[in-house]
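What follows is a single structure, written as structure tokens, with notes after it.
Values quoted throughout were computed directly from the atomic coordinates according to the rules given, and no laboratory measurement underlies them. None of the values given here were measured: they were computed from a predicted structure. Note: ideal-geometry Cβ built from the backbone for every residue, glycine included; neighbour counts use all protein chains shown.
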Amino acid sequence: MINKVELELGGRTLTIESGRLAKQANGAVTVQYGDSMVLSTVCSSTEPRLGFDFFPLTVEYRERSYAAGKIPGGFFKREGRPSEKEIISARIIDRPIRPLFPDDFRGETQCINFIVSHDQKNDTDILALIGTAASIAISDVPISKTIAGVRVGRIDGQLVVNPTMDTTEECDILITMAGSADSIAMVEGGGGEVSEAEVIEALQFGHGYIKQIVAKIDELKAACGKAKFEYTPVSIDDALAAKVKETVGNRLSEANHIADKETRNTTKKQMKKEILEALAEEFPEGEGDIKTVIHDLDSLSMRSMILDEGKRIDGRQPDDVRQITCEVGFLPRAHGSGVFTRGQTQALVAVTLGTKADEQRLDELDGESTKSYMLHYNFPPFSTGETKPIRGTNRREIGHGVLAERALTPVIPNESSFPYTIRVVSDIMESNGSSSMASVCGGSLAMMDAGVPIKTPVAGIAMGLIKSDDNVVILTDILGDEDHFGDMDFKVTGTNEGITAIQMDIKITGLDIETMGAALDKARNARLHILDKMVATIPKHRDQLSEFAPRIITIQINPSKIGEVIGPGGKIIRSIVEETGAKIDIEDDGTVMIASTDGEAGAAALARIEAIVEEPEVNKVYNGIVRRTTDFGAFVEIIPGTDGLVHISELDVQRVGKVEDICRVGDRMEVKVISIDNDGRVRLSRKVLLSGGHDGGSQEPKGDSPRRDRDKDRDRGRQKSDH
């Protein structure tokens, strides 16, 4: 049986339907908004996955090319590995739904979203988030509450829900958020240096629409929802848990009072090893459960330190930021570099400047586009003192890179003022909490070191939360353990003026607006503190680019001249590149960019191009070459491909009987442009440049003369035919 619910949202109808497709899944819905449509499914097992000490949830977001009437590129002509957009969308869905499953549930669960129709106006990531929430809600898979999501934008001071894709560039606030009827569960987005109050206003606005969508999903659930299945919960023998707790005693509490991470972790590893050996005989099959109990006791110990003692495991107070050091110019050959260190988190960030040819080309469902600024984040295993295989960029690295890239976007100069492709790479050297925020700070330092004229530096900070009933403590600049054992990871980036990006993940089922507002205020104080440290190292961007960076010269030519610069089969432009060593990019609008690390090479290429595209100017003097002679004058090439007529009367101050008495083909001749007619024909004069000469434009006698008019017509005819 087909069931559906509808809701007017931002002037468009949101439709959620079940019972038509994928009926063998535990739950499946289609979500349509405009002509964009997503199929969302969930499948889950009642039995726990053996050997897993975590909830094995996977979320997929996959675009189908047919959704936009396209055939995939490449040799195989079918969809390949997920794009960055697909990975980020899957992460946006995963983060708010994961905390909603029961703590003791370990059934393998998979949520799949297929983008089956895309109208290139209504983005489908929000539809997939709504669809995933709805498919789980109507399924028999256990979950604590219903959630939904929206995107909030602000255009010309007005907040709008789910702005269309062609208007997102106009938004100075753009936030994707998810939540339930009573709280917010996930936030991802940014703004153009907006205040904390403006962000809170946007979240309150979006939450109002989330409540409406949740109500519609619950309505669908009431119509066709299944009873939640009984599952086999993960449990630990009470006797084993009691024995482990007795054996641990106060050792975890003592270890958590050790401020140094390495010493603290070494102490815990040794304790764990001793406990496993001590209990091996009594519980021969219990190694995994013993480790789980120790982990849970460790979490309780750290949380009670913060809630009861007001002390963090590294000795800081809740609002304290770790020690910060900043360096620039660390890499001798990079175009710009910075090292940002905050406590035991360190990012080495390098900037490379390129040309138009280095832009990233994107082929997505909403069309083809290019990116001239990108930030890439890498998290090598040595940053946490571990050994792991390196097998390409993982989803976490892509997500952190996109967040850091978004944080810096509002301060990046526009292409017209800085015509470079900018690539920022953050390699994490050490990690003990919030390496993505270190990448933002290091990215600002590196770009200023490279001479990129960013508007102002950007800093970032990660906020945490420990919550037990009504006892809530907000933590500034969280450690890795505080992220792992805590209830929130709230990253905030911005300038002195306001916020540029935010990302909030929580492990509890939701967070109220008041707590979020308090976290934003504390984040602002920390951000300003970090910015002071950064500005003390490098107060503004350097005035000069690195000697190793390309110099780009930009000129505008008549689009009709593009073919002349390129030449037949690219012959002309190739010869310029080969002879000068410069890189040349030409846009359809006539913008020409010449790039070279050698200033002389760039100047030489510029001179060659200017000579090709130069337009003759009235009253300008040229040193031309005689290309042809006729009875009535000489044709002189004043710039490559452009010649003009020097009438016999304009060759000399004295009467000239024969053109060859003055010049021959191949001779150099200095001439002045005296007129250009509407058809582009150029009249030149040598006489006006000689002693006793005068302006050739006033040489013709005044008054009417039929013979003179006939002579003029005859001469124009000859010019036209000879051209």
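With q set to 0.19 Å⁻¹, the log10 of I(q)/I(0) for the range 510-555, from the Debye formula over equal scatterers at the Cα positions, is -0.75. For the range 551-613, the orientation-averaged shadow of the C-alpha convex hull comes to 3.5 nm² (one quarter of the hull surface). Annotation for S649 and I508: the two label points, set 7 Å from Cα along the Cα-Cβ direction, are 9.7 nm apart.
Summary value for the range 426-468: 39 percent relative contact order, contacts being C-alpha pairs under 8 angstrom separated by 6+ residues.
If you take every DSSP beta bridge whose two residues both sit in the chain, what share of them, in percent to the nearest 5, is antiparallel? For the chain, the DSSP antiparallel bridge percentage is about 90.
Given the rule -39500 (n - 2.57) for each run of at least 4 DSSP H residues, summed and divided by the residues of the chain, what is its mean residue ellipticity at 222 nm, to the nearest 500 deg cm²/dmol? Intermediate values should be presented prior to the final figure.
On the way: 15 runs with 219 residues, N = 723.
Dividing the helical sum by the residues of the chain leaves -10000 deg cm²/dmol.
For helix 84-97, report the angle its Cα long axis makes with the longest principal axis of the Cα atoms of the chain; keep it between 0 and 90° and round to the nearest 10°. With rounding to tens, the tilt is 30 degrees.
Return the subset of K261/K467; K291/K507; K145/K388; K291/K388 for which the Cα-Cα distance in this structure is over 26 Å, preserving the input order.
Numbers: K261/K467 23 Å; K291/K507 21 Å; K145/K388 37 Å; K291/K388 21 Å.
Violating the 26 Å Cα-Cα cut-off are K145/K388.
In terms of packing, defined here as the mean over residues of other Cβ atoms within 10 angstrom, the peptides 285-297, 32-44 line up highest first as 32-44, 285-297. Against the chain, whose longest principal axis comes from its Cα atoms, helix 287-304 is set at around 80 degrees. Can you give the percent of C-alpha pairs in the range 324-537 whose distance is more than 22 Å? Here the tail beyond 22 Å accounts for 50 percent of pairs.
Remark: the E368-I155 segment gains 74.2 nm on full extension, using 0.36 nm per residue and subtracting the alpha carbon distance.
Please tell me the relative contact order of the range 162-242 in percent, rounded to the nearest whole number, where contacts are Cα pairs under 8 Å and at least six residues apart. Show your work: numbers first, answer last.
Numbers: 47 pairs, mean separation 18.5, N = 81.
Answer for the range 162-242 is 23 percent.
Averaged over residues, the count of other Cβ atoms within 10 Å places the peptides 152-158, 51-57, 492-498 in the sequence 492-498, 152-158, 51-57, highest first. Computed on the range 195-244, the Cα convex hull volume stands at 145 Å³ per residue.
Per-peptide packing, taken as the mean over residues of other Cβ atoms within 10 Å, places 595-601, 437-443, 371-377, 185-191 in the sequence 437-443, 185-191, 371-377, 595-601 from highest down. Measure nothing but the geometry: give the 0 to 90° angle between the long axis through the Cα atoms of 196-224 and the longest principal axis through the Cα atoms of the chain, rounded to 10°. Roughly 60 degrees, rounded to the nearest 10.
As a rough footprinting exposure proxy, the listed residues V150, V349 were ranked by other beta carbons within 10 Å of their own, and the order from fewest upward is V150, V349.
Where a ≥ b ≥ c are the square roots of the eigenvalues of the C-alpha gyration tensor, would you call the range 143-302 rounded, which needs a/c under 1.5, or, failing that, prolate if a/b is larger than b/c, or oblate?
Working: a/c = 4.26, a/b = 1.89, b/c = 2.25.
Taking the square roots of the gyration eigenvalues as a ≥ b ≥ c, the range 143-302 is oblate.
Percent of Cα-Cα pairs more than 19 Å apart in the range 87-230, please.
Working: 5503 of 10296 pairs.
Within the range 87-230, distances greater than 19 Å cover 53 percent of Cα pairs.
Using P(r) over Cα pairs in 20 Å bins from 0, in percent as the read-out, say which of (i) 17, 47, 30, 6, 0; (ii) 17, 51, 30, 3, 0; (iii) 14, 37, 26, 14, 8, 2, 0 was calculated from these coordinates. Identified label for the calculated read-out: (iii). Exposure proxy ranking for E201, E169, based on other Cβ atoms within 10 angstrom of each Cβ and starting from the fewest, stands as E169, E201. For the residue pairs K243/K269; K356/K672; K211/K311; K226/K491, the alpha carbons lie more than 27 Å apart in K356/K672; K211/K311; K226/K491. Sorted ascending by nearby beta carbons within 10 Å, beginning with the fewest, I557, I530 become I557, I530.
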